[in-house]
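Asker: This is the structure I want to talk about, given as structure tokens.
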Amino acid sequence: MKMSAIKIDSAKAEAGVRVRLADFDPRFEDAWVKVRAFGNKDDQRIIDKQNRLRRGTITNDAAAANMTERLREAILVDWGGFTDDNDKAVPYSREQADTWLADKDYALFRAGVVWAASEVSNGDAKDIEADSRD
């Protein structure tokens, strides 16, 4: 096996990659997210902070809140293709990201962001931004 086959572009994973969410679930249609890999420098800083603050066993709610913080602050960078019920584009903002990431009714969005970040972490993400420049 050639080791180059499993080599990832760590600089790209740190900066973020635009990933089409329809590759995760077709209901996302043309929506995309720009995400950084899990374990990027900001993600690791948040994990370290959360570990310092943790006392004893962590509850499921606390674990979910910790993951929401990581996704909002260190993983999700941008998005496009999302609209409201009046077909008006919903621009990226941390406030809107927090709403969708924390709300159990938007669990598929959260799962899509986690999937996309995992794809970037593994070097398997198809960068649609790079594709549009070709």
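The values are calculated or read from the model by the stated rules, or taken from the named source; none is laboratory data. Remember, predicted model here, so these are calculated numbers, not experimental data. Neighbour counts run over all protein chains shown; Cβ positions are idealised from the backbone, glycine included.
Asker: For region 1-28, how many residues meet the condition of being charged (D, E, K, R), over 16 Å from A111 (Cβ atoms), in a loop (DSSP other than H, G, I, E, B) and touching a residue at least 24 places away in the same chain (Cβ under 8 Å)?
Answerer: 2
Asker: Kindly provide the set of residues from region 51-89 that are within 29 Å of K12 (Cβ to Cβ) and of a type in the set (D, E, K, R), ordered by number.
Answerer: E69, R70, R72, E73, D78
Asker: Every residue in region 29-55 that is of a type in the set (D, E, K, R), part of a loop (DSSP other than H, G, I, E, B) and in contact with a strand residue (DSSP E or B) (Cβ under 9 Å, 6 or more places away or on another chain), please.
Answerer: Of everything in region 29-55, those that are of a type in the set (D, E, K, R), part of a loop (DSSP other than H, G, I, E, B) and in contact with a strand residue (DSSP E or B) (Cβ under 9 Å, 6 or more places away or on another chain) turn out to be D30, R36.
Asker: Would you check if A111 is aliphatic (A, V, I, L, M), touching a Ser or Thr at 6+ places or on another chain (Cβ under 9 Å) and closer than 26 Å to K12 by Cβ?
Answerer: no
Asker: Restricting attention to region 29-66, report how many residues are among the acidic types (D, E) and in contact (Cβ under 8 Å) with a residue 12 or more places away in the chain.
Answerer: The qualifying residues number 4.
Asker: Please go through region 70-112 and pick out each residue that is surrounded by 17 or more Cβ atoms within 10 Å (Cβ to Cβ) and assigned to a helix (DSSP H, G or I).
Answerer: R70, L71, R72, A74, I75, A97, W100, L101, F109, R110, G112, listed by residue number.
Asker: Output the number of the condition that Q44 fails; it satisfies all remaining conditions of (1) buried (at least 17 other Cβ atoms within 10 Å of the Cβ); (2) within 16 Å of the chain's Cα centre (by Cα); (3) at pLDDT below 95.
Answerer: Against the list (1) buried (at least 17 other Cβ atoms within 10 Å of the Cβ); (2) within 16 Å of the chain's Cα centre (by Cα); (3) at pLDDT below 95, Q44 comes up short only on (1).
Asker: Scan region 121-129 and give yes if some residue there is assigned to a helix (DSSP H, G or I), crowded, with 18+ Cβ neighbours inside 10 Å and at pLDDT below 95, otherwise no.
Answerer: The answer is yes; a qualifying residue exists.
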